Amino acid sequence: NKRCDCFQTVAKIGTGFSDNELRELKKRCDTLAIATQFSQVECSKDLWPDIWVRPEIVVEMTADEITKSPVHTASGFALRFPRFMRYRNDKNQYETTSVQELESLFKQQREK
């Protein structure tokens, strides 16, 4: 998010992973685990994770639509029915979709 120079939540992904991808995710998270919340992450207490990791894993996902959410911190936007597509090892955490891009996509879907 360019407005706060931080990472914000927009979805919890639970579908779309193969068994191998879930094993890979577990291994990667184990190597990135940290003791407390990363200072540049905004997360609602309602979404508090079991463990914190450095924000370095980038994934591509799809969703049915972008909705308004009282829980997610990305300007109140959330992805409805998010699904994992693939890991994006060619991108880093600073090349992900911004809140501004998410707002634009939200407006575009409303115009349809």
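The values are calculated or read from the model by the stated rules, or taken from the named source; none is laboratory data. Note that the structure is a prediction, hence the values are computed from the model and not measured. Heads up, the Cβs are rebuilt from the backbone with ideal geometry, glycines too, and the neighbour counts pull from every protein chain shown. Side chains are part of the model used for accessible areas, which takes the heavy atoms of the whole protein and leaves out ligands, DNA and RNA. Shrake-Rupley method; radii C 1.70, N 1.55, O 1.52, S 1.80 Å.
Can you give the % of DSSP beta bridges in the chain that are antiparallel, to the nearest 5? Close to 85 percent.
Could you tell me how many cubic angstrom of Cα convex hull volume the chain has per residue?
Looking at the chain, the number lands at 111 Å³ per residue.
Protection proxy ranking, highest mean first, for peptides 99-105, 86-92: 99-105, 86-92, where packing is the per-residue count of other beta-carbon atoms within 10 Å, averaged.
Per-atom-type breakdown for the chain gives carbon and sulfur 49% of the accessible area (1.4 Å probe, protein chains only).
Mind pulling the angle between the C-alpha long axis of helix 99-111 and the longest principal axis of the chain? Nearest 10 degrees, somewhere in 0 to 90. Relative to the chain, helix 99-111 is tipped by roughly 40 degrees.
On a per residue basis, the range 10-112 carries 68 Å² of accessible surface, using protein heavy atoms and a 1.4 Å probe. Classified by the C-alpha gyration tensor, the range 10-53 has an oblate form. Its axis ratio a/c, with a ≥ b ≥ c, is 1.5 or above, and a/b does not exceed b/c.
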